[in-house]
Structures are given as structure tokens and as C-alpha cells.
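The values are calculated or read from the model by the stated rules, or taken from the named source; none is laboratory data. Since the model is a prediction, treat every value here as computed from it, not as a measurement. Note that we place each Cβ from the backbone using ideal geometry, even for glycine, and neighbour counts take in every protein chain shown.
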Amino acid sequence: MTEGNTWNGEFHNRRKDGSLYWESACISPLRDDKGTITHYVAVKTDITERKKVDAALVEAKKAADAASRAKSSFLANMSHEIRTPMNAILGFAQILERDHSLSPLQAEHVRIITRSGNHLLALINDILDISKIEAGAVTLNLSTFCLDDLSNDLETLFRSRAAEKGLQFVVERAADIPRYVISDENKLRQIGLNLIGNAIKFSDQGKVTVRMRVEPVEGTAATGVQRLRLVGEVEDTGPGISDEDIPRLFGSFQQAEAGAKMGGTGLGLAISRGFARLMGGDIKVTSQVGKGSCFQLHILLEAAEAGPQHKKPALKRVIGLKPGTGPFRILVADDIMENRALLLALLGPLGFEVKAATNGVEALDIFQTWSPHIVLMDMRMPVLDGYEAIRRLKATETGRAVPVIAITASAFEDNVKQVMETGADGYLRKPFLPEELFAQLEKCPGLHYVFDEEHDENLSRSQSAHIVTENLPHELLEAMRQAVADGEMAILSELIARVAKVDSETARGLQELADRYEYGELAEWLAKGEKL
């Protein structure tokens with residue numbers, strides 16, 4: 001101020017009664033005709049109440065941050081606690097499916113366990129997904145992929161479902177959509193499954209139209225990166241949504257009137273919008289009761305020059321090790337007895353030698369004395385967890401030469417990076433398919449399998465010759481047709497189990513069609529029974 005500048009600031013001051021208060025002051029110098037400072041003018045404001053509000057906001061933010069950290073911690077623990085038993089349930093069910101000594105009825109019961117377990121896992125994943133979105137714990141996993149393939153997969157999946165309900169299914173794709181793009185393929189797929197699935201589910205007549213186009217994003221040309229806005233629309237001729245229902249449509253565990261009648265968790269749209277916003281976009285809806293709805297998705301992505309040239313090969317059923325190879329020693333480290341038992345049951349019959357450890361310390365001891373060819377390491381164990389155990393293994397000359405496959409039940413996608421930074425050579429998330437495990441084990445040099453070629457051939461051809469629906473009860477046929485139309489595969493498996501009591505061969509044929517998602521052929525056979 002002595003230099004003639006205005007001063008702004010906040011400070012404590014004291015009232016005449018001695019009490020302190022906060023004030024904001026602006027103090028400016030005043031000058032005479034000669035430019036000499038003669039006095040100062042201060043404009044002061046009592047900001048005590050504002051300071052109280054600011055302090056309350058700071059405390060509220062601290063509390064919110066603490067709650068968010070607690071929620072993330074809960075999610076990590078809950079994910080592990082849920083997925084670990086699901087791994088055992090689905091894993092042992094898959095082992096039983098390979099048991100040829102089961103009667104047809106027992107085999108159908110095992111199929112129901114598997115299908116219902118997968119349905120339950122999908123519901124669990126929905127709840128974990130929405131919790132991760134709310135906790136800000138969802139991350140993008142960007143990759144280059146073929147947008148045409150993703151679009152074709154969705155079209156193939158839903159065209160037969162629409163046909164079974166007598167709906168027209170129209171797909172309109174703009175010609176300038178790039179073939180290869182960089183985005184999060186899995187999240188985009190999940191959004192598409194939800195939006196198109198809902199449109200078909202809630203439409204009983206008319207048509208469902210899917211449109212796709214791209215728009216340029218301003219200001220990206222100078223960077224040399226071709227950023228685009230992908231715009232997708234899913235329009236249906238369903239019952240429509242009232243103005244009162246639209247505001248809560250994207251809320252967690254909330255549904256419009258039609259959705260409440262059809263069942264479900266009420267999480268699909270909330271998850272889809274959360275993913276869309278994470279991808280730089282959003283989902284909006286326009287609707288008219290009695291005429292239908294239109295959901296519009298837009299997200300940001302980048303065009304790519306090229307992408308993967310080959311699709312991932314189908315996983316074949318492994319029945320043993322190739323003669324003349326081995327022996328192969330596998331060290332399994334997991335603190336949960338059921339998980340160790342599952343891996344022993346999967347690996348032992350194929351000819352692997354297996355030893356188990358219950359924590360990282362035991363695993364390191366067995367590794368030194370037994371010299372395994374490959375290690376399966378659970379990441380969460382007492383005494384010494386998998387993260388530190390892998391680091392210690394990979395710090396040794398012998399350990400660096402032995403493949404280590406990390407196994408985790410975490411729902412957090414970014415855990416892959418954290419796990420691989422330990423030096424792990426592969427990654428499996430529980431629950432996993434046996435074939436996924438066997439594919440990881442091929443990282444072991446010299447390991448070769450014998451495959452069940454007959455089983456693979458059977459899976460690739462229709463078992464329709466064994467299906468006879470003419471003698472099935474009308475009510476059962478109608479219920480199965482409705483389950484196919486709604487895409488309710490868990491319900492369909494339960495109904496097929498009832499068919500097994502009447503005709504086990506027909507039940508087996510129908511279930512094999514359901515397992516291969518041959519909805520069109522399923523509906524044809526069910527329709528044959530209805531016509532008689």
C-alpha cells in the first residue's frame with residue numbers, strides 16, 4: 001500500500017466485545033493533485049458466515065472422499081468374496097458336465113446349475129458395475145478393434161430374437177463409419193446389448209431400428225488424431241415411457257412402469273449411461289406413450305488405420321497331455337480350500353503333477369524344493385500375498401524363467417496393470433472357464449494338449465435329428481417360446497429340464513441349441529410342436 005497499490009485480503013478482526021470475526025477488505029490509496037497519497041479508503045465485508053460454509057464444505061468433501069475410499073475398499077473385498085465361491089460353483093459344475101457317467105437327467109441338472117450360476121454372476125457384475133461407477137472406480141480399457149465386427153455380432157444376436165417376436169429388425173449404418181477404431185470395446189458392446197435388448201424386450205409389434213453414424217469433433221484436426229463422435233440410435237415401437245417416468249429412467253434400481261412389469265434389476269440403463277459418460281458422451285431418450293421410444297447414444301472415439309487381423313480362436317476342449325511330453329509340475333497357491341480343490345480336479349486328470357500352497361511363503365518354499373514348470377498364484381492370501389510372492393520369485397534367476405499366472409477375483413479392470421507390473425506372465429480373473437486356464441498353461445515351453453475332436457465336431461453341428469417336440473405339452477412349449485423371445489436363457493434351461501422328464505434326447509438337443517445361442521433354430525423346433 002505504501003507503494004500506492006490496492007490491497008485485497010481476508011483476515012480475522014476483533015469486535016468491541018472482544019469476539020473474533022472474519023472480514024474481507026479492499027484497501028485503496030487516495031492521492032492529491034500532486035499524486036501524493038493522502039489517505040486510504042477501506043471497503044470491508046463481514047464474511048464470517050461464508051467462512052463457516054466454506055469450512056463445512058471442506059469437511060463435507062473430506063467425508064465424501066473418505067466414503068468413496070471406503071466404498072472402493074468394500075467393492076474390492078466384496079468382489080473377491082463373491083467371485084471366489086462363484087469360481088468353485090461354476091468350476092465344479094463344468095467338471096461335472098465332462099462326466100459321461102451322468103444320466104441324462106443328472107446332466108440336465110448340472111446344466112441348470114451352470115446356466116443359473118452364470119445368470120447370477122451377470123446380476124452380481126451389474127451390481128458391482130454400478131457401484132464402481134458411483135465410486136469413480138471405473139476406467140477405460142482402450143484398444144483397437146473392428147467396429148464392423150462388433151456391429152455385426154450385435155445384429156446377428158438380436159435379429160433372431162426380433163424375428164421370434166414378429167418384429168422387423170432394421171440396421172442402418174452410415175458408409176463413412178471407419179472400420180477400425182480406438183475405444184473401450186467391452187463397454188461399447190455392453191451398452192449396445194442393453195439398449196437393443198430393451199427395445200426388443202418391450203416391443204410386441206412393429207419394428208426396432210438401429211442407426212449408426214459418425215460426426216467429426218471440432219478442434220482435433222490440428223493434433224493429427226482423427227477424433228470422432230459415434231452416434232447411435234435405437235428406436236422401437238413399444239409402449240413408450242411417460243414424462244413422469246423418464247426422469248428416473250437412468251437411476252440405479254429404478255424402472256419405468258413397463259420395466260417393473262417385465263422384471264430385472266433396473267441397473268442396465270444406469271450402467272450404460274455411466275459408461276457412455278466415461279467415454280466422453282451420454283445417453284438421452286425421447287418417447288411417446290403408445291408409440292415407442294428412441295434412445296440416442298453418443299461417445300467419443302478415434303479412427304485407427306488398422307486393427308487385429310484375426311479373431312480370437314475358439315477354445316477347444318482339452319482331454320489330456322500329448323503323449324511323450326512332460327511330466328509337467330504345477331504349483332497352485334491359494335488360501336481357499338475350494339479353489340485349490342477345483343484346480344486339482346481340473347489339472348490332475350489331464351496328467352499334470354500338482355502341489356498346493358496356502359500362502360505366498362509356502363509357495364516360495366515349495367518352489368525352491370520342487371522346481372515346478374509353472375505357477376498359478378492367487379493374489380490375495382494371508383502371511384504373504386501373491387503380489388509380493390511374484391516379485392520375490394521374479395527377482396531370482398530361476399523364477400524369471402518359470403511362467404507365473406496370476407489369479408484374482410477382483411472386479412476392477414485396472415488391476416490387470418497392477419498385477420502384470422509384479423512380473424506375472426499371465427492373468428486369469430475368477431470365475432474362469434477350464435479352457436481359459438489351459439490356454440494360460442500353454443505358456444509353459446513344450447506343453448501340448450490332446451483335444452476332444454469328437455466333442456468339438458458335435459458342438460459345431462446341429463443335434464436337431466434328436467429333437468421331437470410334437471409330444472410336448474402345449475404349456476411347456478409356449479413357456480419355452482416366451483423364454484427364447486425374451487432372451488431368458490436361465491428360465492429356458494429350467495424348462496428344458498422339465499422336458500428331460502418326458503424326452504431326454506429332445507431335452508439334450510434343445511439345450512445344445514441354447515448353449516450355442518441358436519435362437520432361430522430353437523424357435524423353429526418349438527413352433528413345430530405348436531402346429532400339431
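With respect to R391, is the statement that it is out of contact with any strand residue (DSSP E or B) (no Cβ under 6 Å at 6 or more places or on another chain), of a type outside the set (S, T, N, Q) and closer than 30 Å to I133 by Cα true? Criteria not met by R391. Return the residues of region 437-456 that are in a helix (DSSP H, G or I) and modelled with pLDDT of 85 or more; say none if nothing qualifies. Scanning region 437-456 gives L437, F438, A439, Q440, L441. E215 meets each of the listed conditions (1) surrounded by fewer than 16 Cβ atoms within 10 Å (Cβ to Cβ); (2) in a loop (DSSP other than H, G, I, E, B); (3) not β-branched (V, I, T) apart from (2).
Of the residues making up region 252-287, those that are modelled with pLDDT under 90, over 19 Å from the mean Cα position of the chain (by Cα) and surrounded by fewer than 16 Cβ atoms within 10 Å (Cβ to Cβ) are E257, A260, K261, M262, G263.
Quick one: in region 414-426, which of the residues that are under 23 Å from A88 (Cβ atoms) and crowded, with 17+ Cβ neighbours inside 10 Å is modelled with the lowest pLDDT? First the steps, then the outcome.
The initial filter retains those residues of region 414-426 that are under 23 Å from A88 (Cβ atoms), namely 415-416, 419, 424, 426.
With crowded, with 17+ Cβ neighbours inside 10 Å added as a condition, the list becomes 415, 419, 424, 426.
Working: N415: 67, V419: 85, A424: 92, G426: 90.
The qualifying residue modelled with the lowest pLDDT is N415.
Condition (residue is under 24 Å from E302 (Cβ atoms) and modelled with pLDDT under 90) applied to region 206-215: is it met by at least one residue? Within region 206-215, not a single residue is under 24 Å from E302 (Cβ atoms) and modelled with pLDDT under 90. Which residue out of E172, E218, E155, E185 is closer than 17 Å to C294 by Cβ and of a type in the set (D, E)? After applying the criteria, what remains is E172. Can you name the number of the only condition in (1) in a helix (DSSP H, G or I); (2) crowded, with 21+ Cβ neighbours inside 10 Å that T369 fails? With (1) in a helix (DSSP H, G or I); (2) crowded, with 21+ Cβ neighbours inside 10 Å applied to T369, the lone miss is (2). Filtering region 183-201 for residues that are surrounded by fewer than 18 Cβ atoms within 10 Å (Cβ to Cβ) and over 13 Å from L154 (Cα atoms) leaves an empty set. Yes or no: region 381-400 includes at least one residue that is hydrophobic (A, V, I, L, M, F, W, C), within 21 Å of P434 (Cα to Cα) and surrounded by 14 or more Cβ atoms within 10 Å (Cβ to Cβ). The answer is no; no qualifying residue exists.
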